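Laboratory data are not the source of any read-out in this text; all were calculated from the coordinates shown. This one's a predicted model, so the numbers in the text were calculated from it and none came from an experiment. Cβ placement follows ideal geometry from the backbone for every residue including glycine, while neighbour counts extend to all protein chains displayed.
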Amino acid sequence: MRPGRLLWFVASTAGALSGCFYLDPINRIPKILPIERVCEDAAAPCGLDSLHPGDAVALTAAVDDRDGDERKTTLHWRITACDRTLTVCDPRRLVDADGPVASFVVPQTLGDAGGPVARIEVDLDAFDERGGFSSASDSLDVVQDPAPRDRTGAVR
């Protein structure tokens, strides 16, 4: 082999071997499953379609992370009270925090605007342990009729 070709072979082989190879699989984003309401009393109405002003609400969501540990996924909740059209929302969020559960009380009126709360806007972000990110949103109606109560005054 001629010295010129040998030098070219050594230089190209060294260049190829000095490169960086990414061997980890591509991280798939975590999938947020539907947001659910946490219900402590099975006898009380507790769906996402039965929110009333003054209700104490706890929301949760599960995550499907096909290439990671769901327990290491961080959920960040942003929950805001709004009017019926979602054009006027309270500037102070009901929840702006990380955690598996978001708890709040449905307000009667919007803080600065003063109108009735007609919807709760829920924005949820999920961050997996390898940097994957996804988000989900939901708009929950607030029923202005008072919650049904029994003779003792307890919510049914």
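Observations on the model:
- Ranked Phe127, Phe9, criterion: other C-beta atoms within 10 Å, fewest first: Phe9, Phe127
- Linear extension gain, Ser50 paired with Asp96, 0.36 nm per residue minus alpha-carbon span: 14.3 nm
- Counting other Cβ atoms within 10 Å as a rough exposure proxy, the listed residues Asp128, Asp123, Asp49 run Asp49, Asp123, Asp128 from fewest neighbours to most.
- Only Cα pairs under 8 Å and 6+ residues apart enter the sum, and on that basis the relative contact order of the range 26-141 stands at 31 percent.
- Counting other Cβ atoms within 10 Å as a rough exposure proxy, the listed residues Cys39, Cys82 run Cys39, Cys82 from fewest neighbours to most.
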